[in-house]
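Read the figures in this text as sums done on the coordinates, not as results from a lab. Computed from a predicted structure; not experimentally measured. Backbone-built Cβ (ideal geometry, glycine too); neighbour counts: all protein chains shown.
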C-alpha cells in the first residue's frame, strides 16, 4: 500500500522539477533522505539540484532538518535561496 505527497518547488530548483509534483511514498511514510533520492531519479540533474547549497525543505509550511519524516498527505516544499533587493 502507498500514499502520496504533494511537492512544490520554489526558486531555481523549479527549473529542474517544475512547480509541482505528486510523489508516491510508502503508506507508513518515509525519511527526507529517502524522499530526496526518489525525487532525484525523476529528472536529469535532479541529484545535483537537490544538493544545491542553501536549499531548504519545508513540510506542511514548517522548515525542517535532514532527519525529518514525511507522511502520506503532507505537503513538501523545496525552496532555493532567493536573491534580490
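Details
- Overall form of the chain per C-alpha gyration tensor (a/c, 1.5; a/b vs b/c): prolate
- Helix-derived mean residue ellipticity, 222 nm - over the chain, DSSP H n ≥ 4, -39500 (n - 2.57), to 500: -5000 deg cm²/dmol
- Taking 13 Å as the cut-off, the amide N atoms of region 9-48 that come nearer than this to a point 7 Å along the Cα-to-beta-carbon line of residue 72 belong to 24-30.
- Whole-number percent relative contact order across region 2-79, with pairs defined as alpha carbons under 8 Å at least 6 apart: 42
- Cβ-to-Cβ counts within 10 Å put 19, 38 in ascending order as 19, 38, the fewest first.
- When 8, 53 are arranged by Cβ crowding within 10 Å, least crowded first, meaning fewest neighbours, the order is 53, 8.
- Contact order normalised by residue count of region 34-85, Cα under 8 Å, 6+ apart, percent: 31
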